[in-house]
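Below is one structure; the comments refer to it alone.
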Amino acid sequence: MTQAPDFSFESAALLRGFTVIAGVDEVGRGPLCGPVTAAAVVLDPAHIPAGLNDSKKLSAAKRAKLAAEIMETAQFCVAHASVEEIDAINILQASHLAMCRAVAGLSKRPDHVLVDGNRLPRDLTLSAEAVVKGDGRSVSIAAASILAKEARDLLMVDLAQQYPGYGWERNAGYPTKDHLQALLDLGVTPVHRRSFKPVHNILCQEKFITP
């Protein structure tokens, strides 16, 4: 049986004297379009929603229910890094930028941050630790992954209405077969990431073909 995330990382930080511990995660590194989105969450130890887990392991209905519970009981902030920022500084640095913005946007400044992954954002000046596969190990990071995914998926549904035909309401901008075919048929939109290879290649072809 797969172990669910728990409060052990947070408990260890509390024992070390920290008092406000935030979990941070991001979603949207892989898509060909749209922003990368991060969330920071400070859970109330007395009111941790049951069933928190990596957002990818939850059904859409369960994720939406948990997101509502998190927003009712915890401190949180959701932040983004734009397509332009992704193309300018690369997706990893843009992900870290979104994480830093999410932490900075919390109403109460945390004194320790649990960051999903194996690298800490270089501009994060607070005490922090990287937790590999943290969204499946820490409830705070799991909560952040849920809020980030909910926020980004809703944003992609809105963008799908502005740019129909790419299936973003279904694929959230990931390079699925229908999205790649739509890129060929309909072309590159203003919200596509030009530094990503499939988009870059199409733009190069168009430049080559255009007289």
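The values are calculated or read from the model by the stated rules, or taken from the named source; none is laboratory data. Given the structure is predicted, the values throughout are model-derived calculations rather than measurements. Here the Cβ positions follow ideal geometry from the backbone for every residue, glycine too, while neighbour counts run over all protein chains shown. The protein model used for the area step is the full one, side chains on, heavy atoms only, and it has no ligands, DNA or RNA in it. Shrake-Rupley method; radii C 1.70, N 1.55, O 1.52, S 1.80 Å.
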Legend entry - P(r) weight above 25 Å for region 104-211, C-alpha pairs, percent: 44 percent
Legend entry - Kirkwood estimate for region 127-167, i.e. one over the average of 1/r between Cα atoms, Å: 12.1 Å
Inset, instruction - Could you check what % of the DSSP bridge pairs in the chain are antiparallel, to the nearest 5? - result: 60 percent
Inset, instruction - Return the ratio Rg/(2.2 N^0.38 Å) for region 10-80, where Rg is computed over Cα atoms only. - result: 1.23
Legend entry - Angle in degrees between helix 177-186 and the longest Cα principal axis of the chain, rounded to the nearest 10: 40 degrees
Legend entry - Dimensions (Å) - region 82-160, Cα atoms, principal axes, largest first: 37, 27, 26
Legend entry - Per-selection metrics, region 57-99 (Cα): Rg and Dmax in Å: 14.2, 37
Inset, instruction - Name the residue, out of THR37, THR189, THR125, whose mean-square fluctuation peaks in a Gaussian network model built on the chain with Cα pairs under 10 Å. - result: THR125
Inset, instruction - Note the angle between two axes, namely the Cα long axis of helix 197-209 and the longest principal axis of the Cα atoms of the chain, as a number of degrees from 0 to 90, rounded to the nearest 10. - result: 20 degrees
Legend entry - Amide hydrogen neighbours beyond the local backbone of ASN53, cut-off 5 Å, H modeled: none
Inset, instruction - Report ³J(HN,Hα) in whole Hz for each residue of region 105-118, in order, from the Karplus equation J = 6.51 cos²θ - 1.76 cosθ + 1.60 where θ = phi - 60°; Gly and Pro get x. - result: x, 5, 5, 10, 5, x, 9, 8, 10, 9, 10, 5, x, 10
Legend entry - Three principal axis lengths of the chain [C-alpha, angstrom, descending]: 67, 35, 33
Legend entry - Under 13 Å, Cβ to Cβ, from LYS65 - net charge with Lys/Arg +1 and Asp/Glu -1: -1
Legend entry - For the chain, calculated [θ]222 nm from helices alone, where every DSSP H run of n ≥ 4 adds -39500 (n - 2.57): -13500 deg cm²/dmol
Inset, instruction - Could you give the size of the charge dipole of the chain about its Cα centre, using +1 on the Cβ of each K and R and -1 on the Cβ of each D and E, expressed in debye and rounded to the nearest 20? - result: 360 debye
Legend entry - Cα-based reach from LYS65 at 25 Å (exclusive), listing lysines while leaving out same-chain residues under 8 positions away: LYS56, LYS57, LYS108, LYS133, LYS149
Inset, instruction - Could you state how much accessible area GLU85 has, in square angstrom rounded to the nearest 10, with a 1.4 Å probe and all protein chains kept in place? - result: 50 Å²
Inset, instruction - Return the FRET efficiency for the residue pair LEU203, VAL157: r is the Cβ-Cβ distance, R0 is 25 Å, and the value is rounded to the nearest 0.05. - result: 0.45
